[in-house]
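Comments concern the structure below.
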Amino acid sequence: MRCLVTGATGYIGGRLVPELLDAGHEVRCMARTAGSLRDQPWASRVEIAQADATDAGSTRKALDGIDVAYYLIHTMGGGGDFAEADRRAAATFAEAAGEAGVRRVVYLGGLTSDEGLSPHMRSRAEVAEILLRAPVPAVVLRAAVIIGSGSASFEMLRYLTERLPVMTTPRWVRTRTQPIAIRDVLRYLVAWAGAEGEVNRSFDIGGPDVLTYADMMNGYAEAAGLTRRLIIPVPMLSPGLSSHWVGLVTPVPANLARPLVESLRNEAVCREHDIARHVPDPPGGLVPFRRAVELALQRVRDANVATRWSSASTPGAPSDPLPTDPGWAGGSLYSDRRAREVDVSPEALWAVIEAIGGETGWYSLPVAWRARGFLDRLVGGVGLRRGRRDPGRLRVGDSVDFWRVEEVEPGRLLRLRAEMRLPGLAWLELGVARHRGRTVYRQRAIFHPRGLAGHLYWWVISPFHSVIFGRMPRNVARAAEAASRAPLRGTSGTDPSSASPSPSRRSSAG
């Protein structure tokens, strides 16, 4: 079949594409920015259509010649009238699919009860209804908590359990839910590309276990070899307070944690298993919760996580490309440039640059970087805890702490776009050059202020930037030189403030 996948930069979409390809289908990916998929390991095997789901013209063109369209667009986090934006995008997509003669639309929604829905779960239900009422037959898969390496739900469960052996928790930890392994979600999604018959309905999908969130935390603890957690429910933690608590303890920021937390207030247990009539259960049955956790943990330990919750763009984060013309900013682009010769090969220096962030750190005043990340969290930003998807390799669209990879020219340039809360737009460029036979490290921080607050921010923070950015070239150079000498000395492991771990190549995970 000829399949269109929306949301291919996201957690589910980024894993669905290679599964469809391996099943023998032709795949076209629809993205607002075609370049955001350029570095995906499967990019050369797909067609990429640049389109926005709220724009009828570009969406109609992207759907031309498509048999099955996967609608995997969700607005997460707050800001603006997200529900109206979701409705508009779904209606536009459904109408365009009808005009293009698409045979089936497949949508992954949320599994929950029908009463007292949170705004985000209500929005997902509305999107499902829009697609089911459209001329093109639609299959809506309703899932609760998805257990897989890198999913926001799994990361929240993982960090809460690992970091809090004793915890006071909201009442929602006693709510029953039916988690499902990511591999079963993908199996269902792929199966509907070739399923026969005209089907227009929703299906509940879940694993074989019905658990409370407290059960899942203790189940995770057991799978991870931790002691049983002491969980004390208390009535006074509202969803807002709970999301801030989750934001402080886990890498998932509060604005993303809130819709996850709110969805846990409602029981999410499958009321039917009719999907088995169209997609039979595998011979060994659906993946149990314990096994799903073990598989996810193995991926994490192997640093073989194909996509993460942070793969998708952050709500409210800037997406403007780096301006190439100073006039674009009205002549008010501020920059901080640094350069340093390094006594290593360009390849050795690039390995250090590409491994920056996450566990490696930023080669300058770790306390200052952590403080900046903490302040960003306080104002609703993503902070530093997102880390990296892979410890040694980066691709366009990856998140690195509170940055997003905007450009990678292997061996030459890494450009990061800031996603922390700022009164303006900011980028950080790290590069490798050759000058008179020597390897040169080049660094440039760029800031485009927004209004008077932006200009004041730059001038107030400049003394700190001078110290932080001033130390980076020296420490990056030392890290590259230490890494180059390490094999000769037979040593390994260095101080993350002055060196980088040796990157390794890993295959993408399913």
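Annotation: of all residues in the stretch 236-292 being of a type in the set (Val, Ile, Thr) and farther than 14 Å from Asp204 by Cα, the one that is nearest to the chain's Cα centre (by Cα) is Val252. Count, please, the residues in the stretch 24-57 that happen to be part of a strand (DSSP E or B), hydrophobic (A, V, I, L, M, F, W, C) and either under 18 Å from His74 (Cα atoms) or touching a residue at least 24 places away in the same chain (Cβ under 8 Å) (or both). Here the count works out to 5. Of note, Val408 satisfies the criterion of being within 23 Å of Gly150 (Cα to Cα) and among the β-branched types (Val, Ile, Thr).
For the structure I just gave you, tell me whether Val249 is out of contact with any Phe, Trp or Tyr (no Cβ under 7 Å at 6 or more places or on another chain), surrounded by fewer than 19 Cβ atoms within 10 Å (Cβ to Cβ) and more than 30 Å from Arg2 (Cα to Cα).
When the stated conditions are applied, Val249 does not pass them.
How many residues does the stretch 172-195 contain that are part of a strand (DSSP E or B) and among the aliphatic types (A, V, I, L, M)? Number of matching residues: 2. Of the helices (runs of 4 or more DSSP H) lying entirely inside the stretch 202-280, those containing at least 1 residues that are more than 30 Å from Val379 (Cβ to Cβ) and in contact with a helix residue (DSSP H, G or I) (Cβ under 6 Å, 6 or more places away or on another chain) span 213-223. Yes or no: Arg122 of a type in the set (D, E, K, R) and either assigned to a loop (DSSP other than H, G, I, E, B) or in contact with a strand residue (DSSP E or B) (Cβ under 6 Å, 6 or more places away or on another chain) (or both)? For Arg122, the condition - of a type in the set (D, E, K, R) and either assigned to a loop (DSSP other than H, G, I, E, B) or in contact with a strand residue (DSSP E or B) (Cβ under 6 Å, 6 or more places away or on another chain) (or both) - is not met. Being assigned to a strand (DSSP E or B), under 24 Å from the mean Cα position of the chain (by Cα) and either among the basic types (Lys, Arg) or at pLDDT below 95 (or both): is that true of Gly77 here? Considered against the rule, which asks whether it is assigned to a strand (DSSP E or B), under 24 Å from the mean Cα position of the chain (by Cα) and either among the basic types (Lys, Arg) or at pLDDT below 95 (or both), Gly77 comes out as no.
When you look at Ala134, is it assigned by TED's automatic domain parsing to the domain that holds Ser242 and over 19 Å from Ala268 (Cα atoms), yes or no? Yes: the conditions hold for Ala134. Note on the stretch 97-120: residues that are of a type outside the set (D, E, K, R) and under 21 Å from Arg258 (Cβ atoms) total 11. Within the stretch 135-171, the residues that satisfy the criterion of being buried (at least 21 other Cβ atoms within 10 Å of the Cβ) and part of a helix (DSSP H, G or I) are Ala152, Ser153, Phe154, Glu155, Met156, Leu157, Arg158, Leu160, Thr161. Checking each residue in the stretch 365-409 for being assigned to a loop (DSSP other than H, G, I, E, B), farther than 23 Å from Ala348 by Cα and free of Cβ contacts under 8 Å to residues at least 40 places away in the same chain picks out Leu384, Phe402. Number of residues in the stretch 423-460 that are over 30 Å from the mean Cα position of the chain (by Cα) and in a strand (DSSP E or B) equals 6.
Residues of the stretch 395-432 that are in contact with a Phe, Trp or Tyr (Cβ under 8 Å, 6 or more places away or on another chain) and either outside the structural domain of Trp350 (by TED's automatic domain parsing) or more than 24 Å from Trp458 (Cα to Cα) (or both): Pro410, Gly411, Arg412, Val432. For Val102, state whether it is buried (at least 18 other Cβ atoms within 10 Å of the Cβ), in contact with a Phe, Trp or Tyr (Cβ under 6 Å, 6 or more places away or on another chain) and outside any helix (DSSP H, G or I). No: the conditions fail for Val102.
A quick yes/no check of all residues on (1) on the phi < 0 side of the Ramachandran plot; (2) within 16 Å of the chain's Cα centre (by Cα); (3) crowded, with 20+ Cβ neighbours inside 10 Å:
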| site | (1), (2), (3) |
| --- | --- |
| Gly14 | yes, yes, yes |
| Leu20 | yes, no, yes |
| Ala23 | yes, no, no |
| Val27 | yes, no, yes |
| Ala34 | yes, no, no |
| Arg38 | yes, no, no |
| Ala43 | yes, no, no |
| Gln50 | yes, no, no |
| Ala53 | yes, no, yes |
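Among the listed residues Thr175, Thr227, Thr212, Thr168, identify the single one that is assigned by TED's automatic domain parsing to the domain that holds Leu131 and out of contact with any strand residue (DSSP E or B) (no Cβ under 8 Å at 6 or more places or on another chain).
The match here is Thr227.
Being more than 30 Å from Glu347 (Cβ to Cβ) and touching a Gly at 6+ places or on another chain (Cβ under 9 Å) is the filter here; which residues of the stretch 428-468 pass it? Hits for the stretch 428-468 are Phe447, His448, Pro449, Arg450, Gly451, Ala453, Gly454, His455, Tyr457, Trp458.
The values are calculated or read from the model by the stated rules, or taken from the named source; none is laboratory data. Since the model is a prediction, treat every value here as computed from it, not as a measurement. Cβ sites come from the backbone with ideal geometry, for glycine too, and all protein chains shown count toward neighbours.
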